[in-house]
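Structure record follows, encoded as structure tokens.
The values are calculated or read from the model by the stated rules, or taken from the named source; none is laboratory data. Computed from a predicted model, the values in this text were never measured in an experiment. Every residue, glycine among them, receives a Cβ derived from its backbone with ideal geometry; neighbour counts consider all protein chains shown. Accessible surface areas use protein heavy atoms only, side chains included; no ligands, DNA or RNA. Shrake-Rupley method; radii C 1.70, N 1.55, O 1.52, S 1.80 Å.
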Amino acid sequence: MGTPADLTQRRLLNELTPRRIVEELDRYIVGQQEAKRSVAIALRNRMRRQGLSDDIRDEVIPKNILMIGPTGVGKTEIARRLAKLARAPFIKVEASKYTEVGYVGRDVESMVRDLVESGVRMVRSEKVQEVKEQAERRALERILDALQRRGSGRPSARLHSVGEAMAALLQQRPLEPPPEQERDEPGEGEDRTELRRRLLAGELDERVIEIEVEESRLMTFPIWGAGGMEELGMNLQEMLGGMFPKQRRRRSVTVREARRILVDQEAARMVDMEQAAAEAVARVEQSGIIFIDEMDKIAGRERGVGPDVSREGVQRNLLPIVEGSTVMTKYGPVQTDHILFIAAGAFHATKPSDLIPELQGRFPLRVELSALGEEEFVRILTEPQNSLIRQYTALLETEGVTLEFTPEGVAEIARIAAKVNAETENIGARRLHTIMERLLEEVSFAAPEIAPAHVKITPGYVREQLADVVKNLDLARYIL
């Protein structure tokens with residue numbers, strides 16, 4: 001039959017054909033078909049590898065990809081969406097924050113540790129979802145216990161507020177008996193079946209009960225790892241186990257809040273964290289993806305002085321990680337042989353051939369992403385499932401303001417974005433974020449006062465809102 005992970009992998013192999021992968025990426029990213037095809041084939045090959053026999057599986061290494069293109073054209077988004085499709089552990093790092101051993105900066109091995117942490121969180125979340133239904137049943141029973149304790153063995157005077165009791169005491173008058181208990185207050189006479197029915201119906205969500213919660217005091221400290229000081233996030237509770245048990249204390253919370261807290265507690269108890277960590281390490285080794293951005297920032301040969309002195313050193317430190325090595329993490333050793341590395345960079349001041357030859361050879365697949373123009377901006381604004389127009393329309397609808405973008409208005413936004421990119425810095429699709437924010441600044445500010453309202457975004461409206469900034473290109477450099 002195979003493990004659930006194997007079954008999931010086989011199902012993904014059947015569903016995610018290269019064409020299907022590209023179609024899924026098209027829902028979020030406009031254009032860049034060559035890059036999409038390359039990553040789709042790379043992902044499919046990883047799935048094909050799982051079906052190989054043991055004697056050949058380890059010999060098939062991933063074909064790492066180098067994406068070349070200006071900023072804001074979709075490099076990071078392609079890699080992120082790819083990992084989400086494959087349900088693979090994924091992290092994005094910047095090559096420029098790592099330095100050669102001996103210099104101030106992060107050790108390159110920390111990217112693998114970060115990937116393992118990402119994998120552990122992913123597997124833990126999946127395991128919690130598997131036991132959530134059972135955890136909810138257990139939490140329900142604990143809430144019922146608390147409600148019955150609350151309604152039994154308590155004098156009626158407890159229902160008086162502290163203020164009422166103090167006022168009666170100061171005025172030396174007897175405390176009036178409280179009004180008859182309302183039906184929505186769980187009482188001594190109610191049986192568990194009736195309480196359960198009312199609890200499931202949401203009638204008791206605002207009742208305050210007392211529950212016992214667990215708290216752990218995490219104590220982190222750095223340890224020496226290969227290449228320098230790394231904050232591994234180890235804590236005394238993990239290292240010494242039961243010597244420092246979790247602290248328990250009682251809290252008064254609403255039933256709604258208690259349900260959330262107790263479900264989390266029960267789910268955590270039911271998940272075997274050692275097994276989850278072992279599964280996460282295996283998943284990282286077999287299907288993990290590391291996206292290394294700003295690779296062009298470490299390209300170039302040594303000059304001997306200045307800030308470039310460790311560029312080649314960083315490349316040489318990256319080499320064993322990309323080639324395949326073993327990195328120690330707090331969850332055990334992790335082999336990087338079959339982790340897929342996707343590197344990216346603009347390479348406008350340098351070129352891929354400026355990387356050391358050994359590192360170039362470890363990124364055999366190279367794809368060039370094209371710059372975005374007016375036509376692509378129109379598609380980006382309208383086609384993706386999470387397009388900016390849909391986002392802003394939904395945001396302002398919460399305030400009762402309806403936005404209507406005419407096709408001509410969208411075309412004008414795209415024209416201005418392309419114009420500003422051409423005459424200042426070309427930051428690709430990110431220009432649309434700044435332009436849209438500037439365009440809708442007045443409506444966003446006044447939305448609570450003008451609602452309900454209908455705002456039509458026409459070419460005239462776009463030019464009126466952006467006229468001053470577009471005319472003054474010096475100002476546009478700072479605002480747009």
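The table below lists the values:
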| quantity | calculated |
| --- | --- |
| Residue list for the stretch 64-93, restricted to those being over 21 Å from Pro18 (Cα atoms) and of a type in the set (Ser, Thr, Tyr) | Thr71 |
| Test for Val455: is it open to solvent by less than 10 Å² (accessible area, probe 1.4 Å), among the β-branched types (Val, Ile, Thr) and in contact (Cβ under 8 Å) with a residue 12 or more places away in the chain | no |
| Selected residue (criterion: modelled with the highest pLDDT) from residues of the stretch 1-19 that are within 26 Å of Ala280 (Cβ to Cβ) and not in a helix (DSSP H, G or I) | Leu16 |
| From Ser118, Ser125, residue being surrounded by 15 or more Cβ atoms within 10 Å (Cβ to Cβ), of a type in the set (S, T, N, Q) and modelled with pLDDT of 85 or more | Ser118 |
| Residue list for the stretch 422-443, restricted to those being open to solvent by less than 30 Å² (accessible area, probe 1.4 Å) and within 29 Å of the chain's Cα centre (by Cα) | Gly428, Ala429, Arg431, Leu432, Ile435, Met436, Leu439, Leu440 |
| Any pair with Cβ under 6 angstrom, 6 or more apart, that starts in the stretch 271-283 at a residue that is within 25 Å of Glu136 (Cβ to Cβ) and assigned to a helix (DSSP H, G or I) and ends at one that is among the charged types (D, E, K, R) and open to solvent by less than 50 Å² (accessible area, probe 1.4 Å) | Ala276/Lys127 |
| Near pairs, Cβ below 9 angstrom, 6+ apart or cross-chain, from the stretch 63-79 (open to solvent by 30 Å² or more (accessible area, probe 1.4 Å)) to any residue that is at pLDDT 85 or above and part of a strand (DSSP E or B) | Lys63/Leu340; Lys63/Leu365; Ile68/Ala344; Ile68/Gly345; Ile68/Arg366; Ile68/Val367; Ile68/Glu368 |
| Those residues of the stretch 274-294 which are polar (S, T, N, Q) and open to solvent by 40 Å² or more (accessible area, probe 1.4 Å), in sequence order | Gln275, Gln286 |
| Options Thr393, Thr402, Thr434: the member that is among the polar types (S, T, N, Q) and in a strand (DSSP E or B) | Thr402 |
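Yes or no, residue by residue, for (1) touching a residue at least 60 places away in the same chain (Cβ under 8 Å); (2) within 25 Å of the chain's Cα centre (by Cα); (3) open to solvent by 30 Å² or more (accessible area, probe 1.4 Å):
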site	(1), (2), (3)
Ser353	no, no, yes
Leu365	yes, no, yes
Leu372	yes, no, no
Asn386	yes, yes, yes
Ala394	no, yes, yes
